[in-house]
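Here's the structure we're looking at; comments come further down.
The values are calculated or read from the model by the stated rules, or taken from the named source; none is laboratory data. These figures come from a predicted structure and were not determined experimentally. Please note: Cβ atoms are built from the backbone with ideal geometry, for glycine as well, and neighbour counts cover all protein chains shown.
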Amino acid sequence: MLLIGSGGREHALAWALANSPLLTKLYATPGNAGIAEEAECVSLDVGDHQSIADFCRDNRIELVVVGPEVPLVAGLADDLRAAGIRVFGPSAAAAQLEGSKGFTKDLCARAGIPTAAYGRFSDKATALRYLADHALPAVIKADGLAAGKGVIIAEDRASAEAAVADCFDGAFGAAGAEVVIEAFLEGEEASFFALCDGRTALPLATAQDHKRVGDGDTGPNTGGMGAYSPAPIMTDALIEQTMAEIIRPTLAAMAEAGMPYQGVLYAGLMITASGPQLIEYNVRFGDPEAQVLMMRLKDDLLVLLNAAVDGELDRVSVRWHDEPALTVVMAAKGYPGAYQKNTPIDGLEALDNSSDVKVFHAGTARTDAGLVAAGGRVLNVTALGHDIADAQDKAYRAVGRITWPDGFYRTDIGWRAVGAVGDDSVEPITG
Ligand code: AMP
Ligand code: GLY
């Protein structure tokens, strides 16, 4: 197998795949120091689809798993399939569910999928006219991929107009050439994951992310500073409602449009007073949500991915540990702004032999001097517990044993489920 990516999500996927008795050899590109414990990391140019296909042929790769969205939106899965290589992940056409917010909103409108009311614009003047009598707050979104930065929630008209102008003036590059303006939804957010084979959707699990960099959900947005699974708000009834009103109609509409969706479908939901509404789709596992999902997965991930690729999801089921999992992201000081690289990290070895705590590497490298940070989000300290409070306690205890003076983390991951962690129960990072 070949796994594409270098984050904590890919370390979690590599770790789960490495447990499969079906796996004979796992390569990863580019990988990281944690992934290197489960896979042989190779240096390939993921943007050069032909070179990936050549590698697959030369190494008799039977399945490629694509972790991040950018190569999917760029058509890597299409080009590999055209070369006869099996791939887990959607075509470029189907990846528009993440690659174009306007595409997804139009699909929801056609299929009657609950989502915020919206307008879709390709010029500033029309967008500003639509905004003139729009309720506040208004949500302004760059249409394309913007690494999680393309969404502005404007509380007043001046900032809404400024956001529209910024998008069209190139603040998000080509991603902002089209803009979606939508109504603000109130409720609690949850993430829902389903495995799809083009026709059938198998519900996986739910999770809750923490996007803001600071305690109490303050400061700028990040890729995610911590997560837990399951999300208590997602009752069985809400999961069934989400499958019936959002996921299955999406799969049917995509198949009808001639772009069947194969891969993992990650629905960002707002649980409103009138039920679940779709905020957005991602066409991949979440990061750090995959880390808590893989920690809870009882079944063989490779069997599940193979069933999705082969159109056989109606023949499989999936089991999860009842215990919740929680992950704390340790990031380089300065993230999501500028940060230093190559700062030393110690203490991981001592944590290794516990079955309910696992440290996934998100941005690390191994040097002669030892393990160093090599990215913004660097470690995902993940634990299973008999409840979320217990998982939180175990994760933070492990965090406290890691020595990384140049790192930081939120001290309140899981607060919605258990209340904030008191300062004195968290050991500081020492160095
Ligand atoms: P992302 O697109 O993942 O960067 O997410 C942007 C965030 O903006 C979401 O996680 C929500 O918190 C928020 N958001 C996006 N659309 C809406 C909406 N229509 N109403 C309320 N909040 C929204
Ligand atoms: N954690 C949010 C994401 O993966 O998009």
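Within the range 209-244, can you find the residues that are in contact with a Gly (Cβ under 7 Å, 6 or more places away or on another chain), modelled with pLDDT of 95 or more and either more than 21 Å from ILE388 (Cβ to Cβ) or more than 16 Å from ligand 2 (Cβ to nearest atom) (or both)?
Passing the criteria: VAL213, GLN241.
Across the range 170-211, what is the total count of residues that are touching a Lys or Arg at 6+ places or on another chain (Cβ under 8 Å) and away from ligand 1 (no atom under 16 Å from the Cβ)? So that I can check it myself, show each step before the final result.
At the first step, the residues of the range 170-211 found to be touching a Lys or Arg at 6+ places or on another chain (Cβ under 8 Å) are 172, 178-182, 188, 201, 205, 208, 210.
Now narrow it down to the ones that are away from ligand 1 (no atom under 16 Å from the Cβ): 201, 205.
Result for the range 170-211: 2.
Quick check: anything in the range 276-283 within 25 Å of PHE184 (Cα to Cα), away from ligand 2 (no atom under 13 Å from the Cβ) and hydrophobic (A, V, I, L, M, F, W, C)? Please lay out each step first, then the result.
Kept after step one, since they are within 25 Å of PHE184 (Cα to Cα), are these residues of the range 276-283: 276-283.
This time we only want the ones that are away from ligand 2 (no atom under 13 Å from the Cβ), so: 276-278.
When the remaining residues are screened for being hydrophobic (A, V, I, L, M, F, W, C), the result is 278.
For the range 276-283, residues within 25 Å of PHE184 (Cα to Cα), away from ligand 2 (no atom under 13 Å from the Cβ) and hydrophobic (A, V, I, L, M, F, W, C): present.
Tell me, yes or no, whether the range 204-218 has at least one residue that is touching a residue at least 12 places away in the same chain (Cβ under 8 Å), over 30 Å from ALA332 (Cβ atoms) and of a type in the set (A, V, I, L, M, F, W, C). Don't jump to the end; show me each part of the working.
Let us first name the residues in the range 204-218 that are touching a residue at least 12 places away in the same chain (Cβ under 8 Å), namely 204-216.
The next check asks that each one be over 30 Å from ALA332 (Cβ atoms); those that pass are 204.
Okay, now just the ones that are also of a type in the set (A, V, I, L, M, F, W, C), so 204.
Looking through the range 204-218, at least one residue is touching a residue at least 12 places away in the same chain (Cβ under 8 Å), over 30 Å from ALA332 (Cβ atoms) and of a type in the set (A, V, I, L, M, F, W, C).
Looking at ALA127, ALA154, ALA171, can you tell me which residue is more than 16 Å from ligand 2 (Cβ to nearest atom) and over 26 Å from MET225 (Cβ atoms)?
Details: ALA154 fails: over 26 Å from MET225 (Cβ atoms); ALA171 fails: over 26 Å from MET225 (Cβ atoms).
Being more than 16 Å from ligand 2 (Cβ to nearest atom) and over 26 Å from MET225 (Cβ atoms) holds for just one of ALA127, ALA154, ALA171, which is ALA127.
Run down ALA398, ALA365 and say which single residue is over 20 Å from the mean Cα position of the chain (by Cα), part of a strand (DSSP E or B) and farther than 20 Å from VAL213 by Cβ.
Values: ALA398 fails: part of a strand (DSSP E or B).
When all the criteria are applied, what remains is ALA365.
Only residues in the range 101-114 that are within 17 Å of CYS167 (Cβ to Cβ) count as the first member; pair them with residues that are among the basic types (Lys, Arg) and assigned to a helix (DSSP H, G or I), Cβ under 8 angstrom, at least 6 apart or cross-chain, and list the lot.
none
All but one of (1) among the small types (Gly, Ala, Ser); (2) in a loop (DSSP other than H, G, I, E, B); (3) touching a helix residue (DSSP H, G or I) at 6+ places or on another chain (Cβ under 7 Å); (4) surrounded by fewer than 21 Cβ atoms within 10 Å (Cβ to Cβ) hold for ALA53; state the number of the condition that does not hold.
(2)
Assuming ALA273 fulfils every condition listed in (1) out of contact with any Gly (no Cβ under 9 Å at 6 or more places or on another chain); (2) more than 16 Å from ligand 2 (Cβ to nearest atom) apart from one, which condition is it?
That leaves (1) as the condition not met.
For a quick check of your reading of the model, give me the residue pairs whose first member lies in the range 4-29 and is modelled with pLDDT of 95 or more and surrounded by fewer than 23 Cβ atoms within 10 Å (Cβ to Cβ), whose second is among the polar types (S, T, N, Q) and assigned to a helix (DSSP H, G or I), with beta-carbon atoms closer than 8 Å and at least 6 apart or on different chains.
LEU22/ASN306
Report, by residue number, each residue of the range 235-276 that is under 18 Å from the mean Cα position of the chain (by Cα) and more than 14 Å from ligand 1 (Cβ to nearest atom).
Looking only at the range 235-276, we keep the residues that are under 18 Å from the mean Cα position of the chain (by Cα), and these are 247, 261-270.
Across the range 235-276, the qualifying residues are ILE247, TYR261, GLN262, GLY263, VAL264, LEU265.
Those residues that are within 18 Å of ASP197 (Cα to Cα) and either within 16 Å of ligand 2 (Cβ to nearest atom) or of a type in the set (A, V, I, L, M, F, W, C) (or both), I need them from the range 285-317; list them, please.
Listed by number, the residues that qualify are PHE285, LEU301, LEU302, VAL303, LEU304, LEU305, ALA307, ALA308, VAL309, LEU313, VAL316.
For the range 210-248, which positions are of a type in the set (Val, Ile, Thr) and surrounded by 14 or more Cβ atoms within 10 Å (Cβ to Cβ)? Step through it out loud before you land on a result.
Filtering the range 210-248 for residues of a type in the set (Val, Ile, Thr) gives 213, 218, 222, 233, 235, 239, 242, 246-247.
Residues satisfying the conditions are VAL213, THR222, ILE233, ILE239, THR242, ILE246, ILE247.
Please enumerate the residues belonging to the range 75-104 that are of a type in the set (S, T, N, Q) and in contact with an Asp or Glu (Cβ under 8 Å, 6 or more places away or on another chain).
We begin by selecting, within the range 75-104, every residue of a type in the set (S, T, N, Q); these are 91, 96, 100, 104.
SER91, SER100, THR104 - these are the residues of the range 75-104 that are of a type in the set (S, T, N, Q) and in contact with an Asp or Glu (Cβ under 8 Å, 6 or more places away or on another chain).
Could you check the range 368-392 and list, in sequence order, the residues that are of a type in the set (D, E, K, R) and either in contact with a helix residue (DSSP H, G or I) (Cβ under 8 Å, 6 or more places away or on another chain) or assigned to a loop (DSSP other than H, G, I, E, B) (or both)? Steps first, please.
In the first step, residues of the range 368-392 are kept if they are of a type in the set (D, E, K, R); the result is 368, 377, 387, 390.
Within the range 368-392, ASP368, ARG377, ASP387 meet the criteria.
Give me a count of the residues in the range 11-50 that are in contact with a His (Cβ under 6 Å, 6 or more places away or on another chain) and either among the aliphatic types (A, V, I, L, M) or assigned to a loop (DSSP other than H, G, I, E, B) (or both).
Restricting attention to the range 11-50, the residues satisfying the condition of being in contact with a His (Cβ under 6 Å, 6 or more places away or on another chain) are 11, 32-35.
Then drop every residue that is not either among the aliphatic types (A, V, I, L, M) or assigned to a loop (DSSP other than H, G, I, E, B) (or both), which leaves 32-35.
Final tally of qualifying residues: 4.
Quick one: is ALA116 touching an Asp or Glu at 6+ places or on another chain (Cβ under 9 Å), crowded, with 17+ Cβ neighbours inside 10 Å and more than 30 Å from ASP54 (Cβ to Cβ)?
Yes.
For the range 207-230, which residues satisfy the criterion of being hydrophobic (A, V, I, L, M, F, W, C) and part of a strand (DSSP E or B)? Give the derivation first.
We begin by selecting, within the range 207-230, every residue hydrophobic (A, V, I, L, M, F, W, C); these are 207, 213, 225, 227.
Answer for the range 207-230, where residues must be hydrophobic (A, V, I, L, M, F, W, C) and part of a strand (DSSP E or B): ALA207, VAL213, ALA227.
From the set of residues in the range 56-85 that are surrounded by fewer than 17 Cβ atoms within 10 Å (Cβ to Cβ) and touching a residue at least 24 places away in the same chain (Cβ under 8 Å), which is nearest to ALA142 (Cα to Cα)?
GLY75
Is it true that some residue in the range 320-332 is surrounded by fewer than 22 Cβ atoms within 10 Å (Cβ to Cβ), touching a strand residue (DSSP E or B) at 6+ places or on another chain (Cβ under 8 Å) and closer than 28 Å to GLY198 by Cβ?
Checked the range 320-332: at least one residue is surrounded by fewer than 22 Cβ atoms within 10 Å (Cβ to Cβ), touching a strand residue (DSSP E or B) at 6+ places or on another chain (Cβ under 8 Å) and closer than 28 Å to GLY198 by Cβ.
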